[in-house]
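Worksheet for the structure shown next.
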Protein chains: 2
Amino acid sequence: MVLKGLLLVVSGPSGAGKGTVCRELLENNQDIYLSVSATTRQPRAGEKHGVNYWFKSKEEFEHLLAEDQFLEHAKVYDNYYGTPRNEVEKALDMGQNVILEIDIQGALQVKEKMPQSVLVFIVPPSLHELKTRLINRGTDSVAEIEKRLKCVAEEIKHISKYGYIVINNTVTEAVEKVKAILTAEKCRPYYYDFGEYV
Amino acid sequence: MVLKGLLLVVSGPSGAGKGTVCRELLENNQDIYLSVSATTRQPRAGEKHGVNYWFKSKEEFEHLLAEDQFLEHAKVYDNYYGTPRNEVEKALDMGQNVILEIDIQGALQVKEKMPQSVLVFIVPPSLHELKTRLINRGTDSVAEIEKRLKCVAEEIKHISKYGYIVINNTVTEAVEKVKAILTAEKCRPYYYDFGEYV
């Protein structure tokens with residue numbers, strides 16, 4: 001089967017800048033589409049159904065789950081979060097590239113269901129730099145920051161399962177690298193039809 | 001082990017333009033080095049030892065072969081051709097990227113010995129276009145061209161073993177794609193040392 005669109009899964013520790021990198025990619029590339037996750041948590045002020053999340057009841061979510069309608073999902077406290085398979089597959093079939101910005105556990109679930117998805121792990125230049133960024137962001141307590149840093153060291157152990165690592169020295173450089181990864185991955189044999197040659 | 005340089009293996013049917021693509025890459029990128037093959041055939045007028053080929057006696061070649069000193073080799077008529085392992089490994093260790101421009105059989109041998117080498121197959125936009133290019137080049141007889149075209153159809157069957165396919169619509173576009181492949185492949189986890197994080 002000849003594939004059309006490419007599924008790019010972007011993960012990385014909080015503070016690595018993956019959100020900024022994804023936003024830059026989306027703003028400057030018409031052929032990239034951000035997948036909207038589904039959740040059972042309540043919408044916060046200003047959040048829109050189909051934009052920030054697909055808001056679903058617990059019953060709906062569990063029904064879709066039973067039908068294997070998620071590429072990945074997780075239960076955080078009492079709420080479900082997941083990536084709807086249908087939406088992603090439709091976009092890929094139309095030749096659009098799709099970005100998912102999800103955590104490492106979710107990314108590895110996606111890879112299992114769609115082996116040709118491309119996993120990119122965005123890392124800060126160093127743990128020291130990450131600490132500085134988290135402190136400067138000012139949204140986390142010191143205890144929370146220490147917990148995050150420990151968590152990063154834990155995540156790094158799984159890094160060899162990732163296709164690509166992008167060190168976020170500067171956003172421009174990181175975006176260029178992710179774009180190169182996209183260009184390269186679209187040169188994989190399964191994007192070509194060589195019917196004419198055979 | 002953390003890798004430094006990358007081994008790029010470029011193959012493709014004659015007439016696909018792989019020579020031109022490699023030359024462009026070498027001229028504009030100081031960190032890419034073209035590996036010089038060894039051969040037992042006689043030097044032609046103007047050919048220089050260490051530039052066009054490492055010219056070796058049959059005994060020397062067979063001795064190196066017995067010591068597994070070639071990343072790939074072939075015997076064409078009565079002459080040996082091969083890629084010296086030592087030279088490539090030395091350049092990679094110094095952090096240089098190395099290009100090999102070899103045939104598909106050689107490329108697959110290299111991949112077996114160095115699994116992290118990157119195989120790129122350059123193809124012309126179509127069989128029709130390839131035929132036109134070979135006719136315009138004027139170096140091959142009609143029978144020779146027909147034989148080559150059959151050979152391409154045969155090679156295309158192995159294309160899924162290649163990491164990447166680059167369609168040579170224009171040299172500039174093809175070179176950009178190979179450069180993106182280089183950039184992407186240098187983002188593989190085995191080029192990173194995360195000692196600091198662990």
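Tabulated results
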read-out: Residue in region B:88-95 that is surrounded by fewer than 20 Cβ atoms within 10 Å (Cβ to Cβ), out of contact with any Phe, Trp or Tyr (no Cβ under 8 Å at 6 or more places or on another chain) and within 14 Å of chain A (Cβ to nearest Cβ) present; value: no
read-out: Helices (runs of 4 or more DSSP H) contained in region B:105-198 and holding at least 3 residues under 23 Å from B:Lys75 (Cα atoms) and modelled with pLDDT under 90; value: B:142-156
read-out: Selection count where residues are polar (S, T, N, Q), assigned to a loop (DSSP other than H, G, I, E, B) and more than 27 Å from A:Asn29 (Cα to Cα), scope region A:48-100; value: 2
read-out: Test set (1) surrounded by 19 or more Cβ atoms within 10 Å (Cβ to Cβ); (2) within 19 Å of the chain's Cα centre (by Cα) - B:Cys187 fails condition number; value: (2)
read-out: Index of the failed condition, A:Val118 passing every other in (1) away from every other protein chain (no Cβ under 14 Å); (2) within 22 Å of A:Asp31 (Cβ to Cβ); value: (1)
read-out: Count - residues of region B:121-159 that are away from chain A (no Cβ under 11 Å), within 23 Å of B:Val175 (Cβ to Cβ) and surrounded by 13 or more Cβ atoms within 10 Å (Cβ to Cβ); value: 3
read-out: Tabulated pairs, region A:169-198, first closer than 21 Å to A:Gly17 by Cβ and within 8 Å of chain B (Cβ to nearest Cβ), second surrounded by 12 or more Cβ atoms within 10 Å (Cβ to Cβ) and of a type in the set (Ser, Thr, Tyr), C-beta under 6 angstrom, 6+ apart or interchain; value: A:Ala180/B:Thr183; A:Ile181/A:Tyr164
read-out: One residue from A:Glu185, A:Glu154, A:Glu146, A:Glu129 being under 30 Å from B:Ile165 (Cα atoms) and either out of contact with any helix residue (DSSP H, G or I) (no Cβ under 6 Å at 6 or more places or on another chain) or of a type in the set (S, T, N, Q) (or both); value: A:Glu185
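The values are calculated or read from the model by the stated rules, or taken from the named source; none is laboratory data. Owing to the predicted nature of the structure, the values given are computational and were not obtained by experimental measurement. No Cβ is skipped: glycine too gets one built from the backbone with ideal geometry, and neighbour counts run over all protein chains shown.
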